[in-house]
Amino acid sequence: MTRVAIAGFGAIGRELAMHLAAVPGVELVAVSARDEHRAAETLRSLGLQAPVVPFDELEPLADLVVEWAPAALLREIATPFLQAGKEVIVLKIGRAHV
């Protein structure tokens, strides 16, 4: 089972979460969002169970992270995963200083 975290839980993150739920062998284990309360409500409304945690708490929970957050947060999200030899999928491209 591949454990996946989503960093950034706006419209795209929600769509991704719904699609991941249907993929065999994949488990959504956590999401991060600016508005944690709203993200938790959205997960419940989608019938998904995953904790909403700060970005810096994602790495121990997941095998890979899908990033859809502001570009300024890319380093904070990706570095722990990469240092642990894990995968990062970057979906939001912006002006980041990495």
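General remarks:
- Residue check, residue 48 open to solvent by less than 60 Å² (accessible area, probe 1.4 Å), modelled with pLDDT under 95 and touching a Leu at 6+ places or on another chain (Cβ under 8 Å): no
- Within the range 48-73, the set of residues being in contact (Cβ under 8 Å) with a residue 24 or more places away in the chain, in a loop (DSSP other than H, G, I, E, B) and closer than 16 Å to residue 20 by Cβ comprises 48, 50, 58, 62, 63, 68.
- Residue selected from the range 34-45 under the condition in a helix (DSSP H, G or I) and open to solvent by 50 Å² or more (accessible area, probe 1.4 Å), by the criterion nearest to residue 2 (Cα to Cα): 44
- If you go through the range 1-17 and keep only what is open to solvent by 20 Å² or more (accessible area, probe 1.4 Å), in contact with a helix residue (DSSP H, G or I) (Cβ under 7 Å, 6 or more places away or on another chain) and modelled with pLDDT of 95 or more, you end up with just 3.
- Qualifying residues in the range 80-89 (those that are closer than 17 Å to residue 31 by Cα and either outside any loop (DSSP other than H, G, I, E, B) or touching a residue at least 40 places away in the same chain (Cβ under 8 Å) (or both)) - the one most open to solvent (accessible area, probe 1.4 Å): 87
- Verdict on residue 59 being open to solvent by 60 Å² or more (accessible area, probe 1.4 Å) and either of a type in the set (Lys, Arg) or over 12 Å from residue 4 (Cβ atoms) (or both): no
The values are calculated or read from the model by the stated rules, or taken from the named source; none is laboratory data. The structure displayed is predicted, hence computed values, not measured ones. Glycine also receives a Cβ, built like all others from the backbone with ideal geometry; neighbour counts cover every protein chain displayed. Just so you know, the surface numbers come from the protein's heavy atoms only, side chains and all, with ligands and any DNA or RNA stripped out. Shrake-Rupley method; radii C 1.70, N 1.55, O 1.52, S 1.80 Å.
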